[in-house]
Amino acid sequence: MNKKEIFTTIVSIVSDVTDISPEEILSSSHREDIVDARHLLVHFLHTYGGLYIAQIAPMTGFSTRHVAFILSSFDTRLRSRRLLRNNYDIIKLKLSHN
């Protein structure tokens, strides 16, 4: 799969699981559920998609600094948010079947 296909697949799965549109995920909204979905997207693009921060930033429209912050704070956020953990597990399972 090329980078565009990886992005499309992962954003689609995250959107489906979280019930948040890709446009909302990629927006600058600070609503907690959207921020959680954004963290999931960036995490899975990095870990399952194998994309680097410099590749994720232009695809999402976020700065490289923002992408780096999301990746560095993901584990802490995952530990403190139950719904995020549940969505994480579902997305991980769906990606393992792709």
**Study point:** Qualifying residues in segment 12-53 (those that are assigned to a loop (DSSP other than H, G, I, E, B), open to solvent by 20 Å² or more (accessible area, probe 1.4 Å) and of a type outside the set (Ser, Thr, Tyr)) - the one farthest from THR64 (Cα to Cα)
**Key:** ASP19
Point to revise | Restricting segment 61-98 to residues that are open to solvent by 90 Å² or more (accessible area, probe 1.4 Å) and of a type in the set (A, V, I, L, M, F, W, C), the residue that is nearest to GLY49 (Cα to Cα) | key: LEU93
Point to revise | One residue from LEU41, LEU95 being closer than 18 Å to THR8 by Cβ, touching a residue at least 60 places away in the same chain (Cβ under 8 Å) and not polar (S, T, N, Q) | key: LEU95
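The values are calculated or read from the model by the stated rules, or taken from the named source; none is laboratory data. All of these numbers come straight from a predicted model, not from anything done at the bench. Counting neighbours? That spans all protein chains shown, and the Cβs are built from the backbone with ideal geometry, glycine included. All accessible areas refer to the heavy atoms of the entire protein, side chains included, with ligands and DNA or RNA removed. Shrake-Rupley method; radii C 1.70, N 1.55, O 1.52, S 1.80 Å.
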